[in-house]
Amino acid sequence: MCTSVLQWTASRLTVCSLSHYLCCLNREHCQQPNHDPSSSIWCPADVSERPGVSVHLFLPGSSRLVEPYPTVPSFLPQLTCPLWLSAVGVGSWCFHMTLLYEMQLLDELPMIYSTCVFVYCLYECFKQEKTVGLIPITLLFVFSMSVSLVMYGVLVACLVMRSIFIVTWVYPWLRPLCYASLAIFMLGFLLWNIDNIFCEQLRTSRRVLPPGLGVLTQFHAWWHIFTGLGSYLHILLSLQIRSTFLKRRAKVKFLCGVWPTLHIEPQRTS
Ligand SMILES: CCCCCCCC/C=C\CCCCCCCC(=O)N[C@@H](CO)[C@H](O)/C=C/CCCCCCCCCCCCC
Ligand SMILES: [Zn+2]
């Protein structure tokens with residue numbers, strides 16, 4: 001009898017080390033060569049002002065699989081999600097440290113690609129094992145050609161609608177996980193907007209606030225934290241949907257009582 005376990009140690013993937021970094025002191029983003037201000041979808045002042053310490057969510061990727069390999073292909077797209085999310089973390093880290101245009105691509109391309117993979121996972125989760133959805137892959141490939149905020153928003157909206165559909169009509173017991181992921185992501189989105197809209201005011205307030213307090217008003221950094229957590233929970237949801245469809249028992253367990261991880265029970269072969 002097979003006793004091995006597919007253990008999703010996503011906690012290792014995302015211990016979410018909040019790596020504080022000093023970003024390009026006294027370096028204005030708008031002074032970067034080849035910089036087109038209209039292409040900025042973030043508040044440049046936040047990351048270029050005085051010795052401000054920005055908080056950034058860095059997502060080192062690693063996952064552990066202890067499982068007979070034939071099962072892995074059925075989960076393959078879902079299992080790559082953490083790696084994509086890690087790529088976002090590394091890209092964002094590079095960008096916020098250098099503020100170079102090339103690095104901005106490293107930040108935004110993985111953001112689009114990872115969301116495309118997430119969308120694929122959620123739209124193809126009820127397919128039989130080891131099938132490849134060529135049409136969605138083609139569509140998403142075409143979609144990913146356009147790196148824009150609107151495209152990203154459309155992809156996220158597709159993800160949100162599909163998640164809500166699944167937890168409303170197919171697996172209602174997954175609602176808490178789905179809505180937790182959505183709420184955290186949306187909270188991040190709200191903070192991202194506040195940061196963009198009140199960029200100047202926040203910047204001014206940081207000049208008078210004590211540094212310990214001022215750093216808390218770095219809402220772009222909070223966006224990274226919340227989007228990282230929201231996406232992480234979304235990956236757990238996606239994996240749980242797939243496991244349930246494949247008749248594999250999966251359960252969210254809290255590591256140290258706090259950090260949610262997904263445990264998929266061994267497949268019974270006898
Ligand atoms: C039900 C679950 C929903 C959870 C969805 C999780 C989707 C996660 C997808 C990808 C991984 C995270 C990507 C993070 C991006 C990090 C890069 C980044 O922050 N870049 C910034 C510069 O450093 C840049 O300013 C960010 C730009 C993105 C702007 C955010 C737009 C969000 C649009 C959301 C619209 C939602 C509409 C939903 C309506 C139902
Ligand atoms: Zn950012």
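A straight Cα-to-Cα reach below 25 Å connects K127 with the lysines K247, K251, residues fewer than 8 places away in its own chain not being considered. Modelled spin-label separation between T138 and S205, with each label point placed 7 Å from Cα along the Cα-to-Cβ direction: 5.1 nm. Working from Cα pairs under 8 Å separated by at least six residues, relative contact order for the stretch 71-264 is 21 percent. Accessible area per residue for the stretch 150-270, computed on protein heavy atoms with a 1.4 Å probe, is 51 Å². What is the mean projected area of the alpha carbon convex hull for the stretch 81-137, to one decimal in square nanometres? Value for the stretch 81-137: 4.2 nm².
Converting the Cα gyration tensor eigenvalues of the stretch 183-270 into ellipsoid dimensions via √(5λ) gives semi-axes, longest first, of 40, 14, 6 Å. Taking the 1.4 Å solvent-accessible surface of the stretch 71-264 as the whole, the part contributed by carbon and sulfur is 77%. Each semi-axis of the equivalent ellipsoid for the stretch 145-189 is √(5λ) with λ an eigenvalue of the Cα gyration tensor; in descending order they amount to 23, 13, 5 Å. Kirkwood analysis of the Cα pair distances in the stretch 71-264 returns a hydrodynamic radius of 18.0 Å.
The values are calculated or read from the model by the stated rules, or taken from the named source; none is laboratory data. The structure presented is a predicted model; accordingly, all values stated were derived computationally and were not measured. All Cβ positions, glycine included, derive from the backbone under ideal geometry; neighbour counts span all protein chains shown. Note: accessible area is taken over every heavy atom of the protein model, side chains too, but ligands, DNA and RNA are not part of it. Shrake-Rupley method; radii C 1.70, N 1.55, O 1.52, S 1.80 Å.
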